[in-house]
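A quick write-up on the structure given underneath.
Quick note: the coordinates plus some simple rules give every number you see, no bench work behind them. These figures come from a predicted structure and were not determined experimentally. For neighbour counting, all protein chains shown are included, and Cβ atoms are generated from backbone atoms with ideal geometry for every residue, glycine included.
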Amino acid sequence: MKHKRSDFPQDFLFGVATSAYQIEGHAQGGAGKTHWDSFAATPGNVVNAENGDLACDHLNRFEQDLDLIQDAGFDCYRFSTSWARVLPEGRGAVNQAGLDFYDRLTDGLLERGIRPCATLYHWELPSPLADLGGWRNRDIAGWFADFTEIIMGRIGDRMFSVAPINEPWCVSWLSHFDGHHAPGLRDIRATARAMHHVLLAHGRSIEAMRGLGMSNLGAVFNLEWAEPADDSAQSENAAALYDGIYNRFFLGGVFKKSYPENVLDGLAPHLPADWEDDFETIGAPVDWCGLNYYTRKLISHTDAPWPSLKEVQGPLPKTQMGWEIDPDALSRFLIRTAREYTGELPIFVTENGMASSERQQDNDRIDYLDLHLSALQEALNQGVPINGYFVWSLLDNYEWALGYEKRFGLVDVDFKTLKRTPKASYHAIKSALASI
Ligand code: GCO
């Protein structure tokens, strides 16, 4: 890699990220069923109808995986806790084996000198709660606050940082409007409710953790830069609306206690009654902001009903996902987020990385990471308070609707033998982190 640790501020943190359902092996250890299990079992939703039953078998192999994190020289590990592993029914009886697992994981990190950075929800909603309407049901905010107290009551004393929910846009829009993720709905009323309730649940969870005396709590957003596909005013408006729905709605709720006007134009009639009254909870103060960044989109107008926009193929080089590589947009996002939303609050890039079909000599990934670290430095030079950077992901894993084919790992996983083999990018990062 071009970069080395000493190119960054002294206390800058480097980490690597994963999530529960994508690696643990969810059919094991007493976890309950989730909406991903039934979504994946429905033909046509997931490539090869693959699911997270075994995934990387991290549940049984986590010591080995923690050794890999330590060996690479990472300072932090961003993992997530599965709601259904801790509470198989979503509420009520606790699965002690689930709590014990996260306890051992936490201690395993601390023994290796790695900071535990937890996310409470990375998309595996317990099926019994999905049966009650899931994110469409306002009660989910209370259910999630209860889950927060149970899991953080056990491991919260040892966390370096915690964020309640990974990527509210994916939980709501991608899953209830696009139908691409569980529960696979395509319904604007369900979407509006999920968008609002996911933020309400975030706020309730923050309040619950404050009640436990915890600090260093944040919120994690995925951002996608929207570029008009042509010079027309219509496409410009379409790109601004895409930006509103994808980025500004969630940042605005948490940091400005308001939703953008262009999004409300289409969504207001579908939001739950008295939604404005929830902003005190949604905007509960946080200690840092996490941004997940992968790509940008070219957007143009279409005559379909609201939001009347469509994505257009762009000309930039693409990853295995077909996503354009645009590191400059990461700088622009970091600068804009600080200027317009978060001010002096520390920002972390909580996910960045690429899928590549290269299973060993993944030079494309090394280049991608280098380019995005340069973009991050550009924002640092402009005074943006960025405190850390996390690579997605440690291991090749279950890439949701795309199954096991798309490989994001620094470490290759053979899904037949579950053997882990560090790729060239793993070795490159290891040298970069070791060199001063
Ligand atoms: C996300 C999630 C991850 C994905 C990754 C690649 O950002 O969507 O946090 O679960 O695997 O982003 O798509």
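Does T81 satisfy being crowded, with 16+ Cβ neighbours inside 10 Å, in contact with a helix residue (DSSP H, G or I) (Cβ under 8 Å, 6 or more places away or on another chain), closer than 22 Å to S172 by Cα and among the hydroxyl-bearing types (S, T, Y)?
yes
Scan G388, G409, G353 and give me the residue that is touching a Cys at 6+ places or on another chain (Cβ under 7 Å), buried (at least 22 other Cβ atoms within 10 Å of the Cβ), outside any helix (DSSP H, G or I) and of a type outside the set (F, W, Y).
G388
Restricting attention to the range 34-63, which residues are free of Cβ contacts under 8 Å to residues at least 60 places away in the same chain, on the phi < 0 side of the Ramachandran plot and not hydrophobic (A, V, I, L, M, F, W, C)?
P43, D53, N60, E63 - these are the residues of the range 34-63 that are free of Cβ contacts under 8 Å to residues at least 60 places away in the same chain, on the phi < 0 side of the Ramachandran plot and not hydrophobic (A, V, I, L, M, F, W, C).
When the residues of the range 374-385 are filtered to those that are in a helix (DSSP H, G or I) and surrounded by fewer than 23 Cβ atoms within 10 Å (Cβ to Cβ), which remaining residue is farthest from the ligand (Cβ to nearest atom)?
Here the residue is N381.
For every residue, the table says whether it meets (1) touching a helix residue (DSSP H, G or I) at 6+ places or on another chain (Cβ under 8 Å); (2) farther than 16 Å from H122 by Cβ; (3) part of a strand (DSSP E or B); (4) among the acidic types (D, E).
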residue: Q22; (1), (2), (3), (4): yes, no, no, no
residue: A27; (1), (2), (3), (4): no, yes, no, no
residue: G44; (1), (2), (3), (4): no, yes, no, no
residue: N51; (1), (2), (3), (4): yes, no, no, no
residue: C56; (1), (2), (3), (4): yes, no, no, no
residue: L68; (1), (2), (3), (4): yes, yes, no, no
residue: Y77; (1), (2), (3), (4): yes, no, yes, no
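Would you tally the residues in the range 12-44 being within 16 Å of the ligand (Cβ to nearest atom) and either in contact with a Lys or Arg (Cβ under 6 Å, 6 or more places away or on another chain) or closer than 15 Å to A182 by Cβ (or both)?
Total satisfying the criteria: 12.
Of all residues being among the polar types (S, T, N, Q) and within 14 Å of the chain's Cα centre (by Cα) in the range 148-174, which is surrounded by the fewest Cβ atoms within 10 Å (Cβ to Cβ)? Just the residue, please.
N166
List the residue pairs whose Cβ atoms are under 6 Å apart, where the first residue sits in the range 10-33 and is of a type in the set (S, T, Y), the second is surrounded by 17 or more Cβ atoms within 10 Å (Cβ to Cβ), and the two are 6 or more positions apart or on different chains.
That search, which allows pairs on different chains as well, returns T18/F79; T18/S393; T18/L394; S19/S80; S19/H122; Y21/W36; Y21/G52; Y21/E124.
For the range 301-314, does any single residue satisfy the condition of being farther than 23 Å from F390 by Cα and touching a His at 6+ places or on another chain (Cβ under 7 Å)?
Yes.
All but one of (1) in contact (Cβ under 8 Å) with a residue 24 or more places away in the chain; (2) buried (at least 18 other Cβ atoms within 10 Å of the Cβ) hold for R248, so report the exception by its number.
R248 satisfies all of (1) in contact (Cβ under 8 Å) with a residue 24 or more places away in the chain; (2) buried (at least 18 other Cβ atoms within 10 Å of the Cβ) except (1).
Take P126 and decide whether it is over 13 Å from G29 (Cβ atoms), more than 16 Å from the ligand (Cβ to nearest atom) and not basic (K, R).
When the stated conditions are applied, P126 passes them.
Any residue at all in the range 185-192 that is under 21 Å from A304 (Cβ atoms), surrounded by fewer than 23 Cβ atoms within 10 Å (Cβ to Cβ) and in contact (Cβ under 8 Å) with a residue 60 or more places away in the chain?
Yes, some residue in the range 185-192 is under 21 Å from A304 (Cβ atoms), surrounded by fewer than 23 Cβ atoms within 10 Å (Cβ to Cβ) and in contact (Cβ under 8 Å) with a residue 60 or more places away in the chain.
Which of the residues belonging to the range 309-349 are crowded, with 21+ Cβ neighbours inside 10 Å, assigned to a strand (DSSP E or B) and under 20 Å from the mean Cα position of the chain (by Cα)?
I347, F348, V349
Part of a loop (DSSP other than H, G, I, E, B), hydroxyl-bearing (S, T, Y) and either within 16 Å of the ligand (Cβ to nearest atom) or touching a helix residue (DSSP H, G or I) at 6+ places or on another chain (Cβ under 6 Å) (or both): does that describe S258?
Yes, satisfied.
Find all pairs meeting these conditions: Cβ atoms under 6 angstrom apart; at least six residues apart or on different chains; first residue within the range 156-174 and touching a residue at least 12 places away in the same chain (Cβ under 8 Å) and of a type in the set (A, V, I, L, M); second residue part of a strand (DSSP E or B) and surrounded by fewer than 19 Cβ atoms within 10 Å (Cβ to Cβ).
none
Of the conditions (1) within 23 Å of N51 (Cβ to Cβ); (2) more than 16 Å from the ligand (Cβ to nearest atom), D157 fails just one. Which one is it?
Looking at each condition in turn, D157 falls short on (1).
When both residues are 6+ apart or on different chains and their Cβ atoms are under 6 Å apart, which pairs have a first residue that lies in the range 386-415 and is near the ligand (Cβ under 10 Å from one of its atoms), and a second that is in a helix (DSSP H, G or I) and not polar (S, T, N, Q)?
Here the result reads N397/I23; L402/V47, each pair linking the range 386-415 to a residue that is in a helix (DSSP H, G or I) and not polar (S, T, N, Q).
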